[in-house]
Structures are given as structure tokens and as C-alpha cells.
Amino acid sequence: MTGLSANWDDEELLAALRDALRSRETVPADFVEAGKGAFAWHNIDAELAELTYDSLLSTEDALATRSEAASIRALTFTSAHVTMELEIVGETLLGQVVPAQSATVTVQLDDGGGQALEADVIGRFSVQPVPSGPFRLRCRTTDGTEALTGWIML
């Protein structure tokens, strides 16, 4: 069977389908991994929001001036057009999109799950409870600008 033919009988068609199923089972593992890696780039349109501030990393400087660490963790992620300022207080993540504007903020979990939230007109949003494992935030503003944070691990 070297090509498609409009005159195939049922047996030829079934044989072709069996061949197709068999060939699917023989896809090399490295080819599958390459495909998964290529899919990881599906969100390349989103700007990468770089971590520009983490209160945990500045704790050493703060310890020189105070005796106990703050109970609030602050993070700032900055891209070319959008900044996301975050504060984690207990089981709540409070955030604001800067410049202030409405946006959809999606919490993406490392297992593929997630939750979409709406930031109000001044860019405020909250997540409760804070995810227990690694997560990242994708922000899409009303003008279509997208920014994606790196993975956040608390």
C-alpha cells in the first residue's frame, strides 16, 4: 500500500489503520520529549516578568537594622510593559498590576491546573489560599499585553 486510493476495500483500509496505530507506538521517546519542549514555547507571546524584588533576599540587610523578620513576604515582577507587585500574608496573596488597570490574572500550577482571577480597575487582585506548591502568574491586560512570572515557591 503505497498511497491513498479511492478504491480501497475494507481489508486494505483496516490494514492501513493497523499500520498507522503500530507506527504511533514506535515513536522514539526523545521525539516525544522534543515535542513537549516545543509545546512549552506556546506562551512565547507573553513577556517574561523578571523577579526584581524579593523581601526574603533582602532579609540579610534588614537583619542589621531590626531584630525580627517581617511576617509579610513581598515580591515584584517586572516586564517591559507591566509590573506585578505581590504581598503574601498568611494564606493570602495580595497583588496589584502596575500601571493600574483591569486585567485577568491566571494562577498556573506546576501540575497544569490553574485559576483565572479578575484584577479590578486599579489592578488589585487576591489569591486565597496561596498555592502550596510552585505556581506562576500570567497577567493579560485589557489592551492585550501579557506578562508571565517565573515559578514562585514559598
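The values are calculated or read from the model by the stated rules, or taken from the named source; none is laboratory data. None of the values given here were measured: they were computed from a predicted structure. Virtual Cβ from ideal backbone geometry, glycine too; neighbours counted across all protein chains shown.
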Spot the failing condition for residue 78; the list is (1) modelled with pLDDT under 95; (2) crowded, with 17+ Cβ neighbours inside 10 Å; (3) not aromatic (Phe, Trp, Tyr), and only one is missed.
(1)
Going residue by residue through the range 120-143, is there one that turns out to be modelled with pLDDT under 95, among the basic types (Lys, Arg) and farther than 19 Å from residue 53 by Cα?
no
For residues that are among the polar types (S, T, N, Q) and more than 19 Å from residue 79 (Cβ to Cβ), tally how many sit in the range 90-146.
5
Looking only at residues in the range 97-114 that are surrounded by fewer than 19 Cβ atoms within 10 Å (Cβ to Cβ) and modelled with pLDDT of 95 or more, which one is nearest to residue 54 (Cα to Cα)?
98
